[in-house]
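S.K.: Shown below is the structure under consideration.
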Amino acid sequence: MACRQLWASRAASYLRISLFHRSFSNVLKDLKYADSHEWVKIDGNSATVGITDHAQDHLGDVVYVELPEVGAAVTQGGGFGAVESVKATSDINSPVSGTVVEVNEELNSSPALVNSSPYENGWIIKVKLSDSGELNKLMDSEQYTKFCEEEDASH
């Protein structure tokens, strides 16, 4: 019996460790990150924006994504939509300024893509950049990972 309990507590501590690391394993190297947990992928003067794996993990199951209109202006740090999950509704802020050139219409029928594929199929908007200098205010993957660890430790 004692042997089984020891195994169970070892398994639990192993699971806890691997779960803790899971939150940070999905920080992609070639993206930039905002402290409000959005990511941006730059391709010339076009930017694809979504919420990070860390953010979707904290939100829980996403049931609705409020999307802006194509042609809407967004500003760095300003809200442009919202993500509604079973736990809460959270605003989505734009990590860059510019004009929305495309929205991910697939999220209307499949909002859970934000959970299952936050960096690929779950992207939210594409923006034509108005000021690429703003990218210097964003974090790289290492800075963002550290930011998440510190934020989680303080909660």
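The values are calculated or read from the model by the stated rules, or taken from the named source; none is laboratory data. Since we're looking at a predicted model, the values are computed, not measured. Cβ coordinates were reconstructed from backbone atoms using ideal geometry, including for glycine residues, and neighbour counts include every protein chain displayed.
S.K.: Take the residues in region 105-116 that are in contact with a helix residue (DSSP H, G or I) (Cβ under 7 Å, 6 or more places away or on another chain) and farther than 13 Å from Thr52 by Cα, then tell me which one is surrounded by the most Cβ atoms within 10 Å (Cβ to Cβ).
M.R.: Filtering region 105-116 for residues that are in contact with a helix residue (DSSP H, G or I) (Cβ under 7 Å, 6 or more places away or on another chain) and farther than 13 Å from Thr52 by Cα, the one surrounded by the most Cβ atoms within 10 Å (Cβ to Cβ) comes out as Leu107.
S.K.: I need the full set of residues from region 117-143 which are crowded, with 18+ Cβ neighbours inside 10 Å and basic (Lys, Arg), in order please.
M.R.: Hit for region 117-143 is Lys126, nothing else.
S.K.: Answer with yes or no whether Ala12 is small (Gly, Ala, Ser) and modelled with pLDDT under 90.
M.R.: Yes: the conditions hold for Ala12.
S.K.: A further question on this structure: Exactly one condition in (1) in contact with a helix residue (DSSP H, G or I) (Cβ under 9 Å, 6 or more places away or on another chain); (2) surrounded by fewer than 16 Cβ atoms within 10 Å (Cβ to Cβ); (3) without any contact (Cβ under 8 Å) to a residue 60 or more places away in the chain is false for Ser90; which is it?
M.R.: Of the numbered conditions (1) in contact with a helix residue (DSSP H, G or I) (Cβ under 9 Å, 6 or more places away or on another chain); (2) surrounded by fewer than 16 Cβ atoms within 10 Å (Cβ to Cβ); (3) without any contact (Cβ under 8 Å) to a residue 60 or more places away in the chain, the odd one out for Ser90 is (2).
S.K.: Here is a follow-up. Could you count how many residues in region 106-129 are of a type outside the set (Phe, Trp, Tyr) and in contact (Cβ under 8 Å) with a residue 60 or more places away in the chain?
M.R.: Here the count works out to 9.
S.K.: Please work out which one of (1) under 26 Å from Asp140 (Cα atoms); (2) surrounded by fewer than 13 Cβ atoms within 10 Å (Cβ to Cβ); (3) among the charged types (D, E, K, R); (4) at pLDDT 95 or above is the condition Glu102 fails and give its number.
M.R.: (2)
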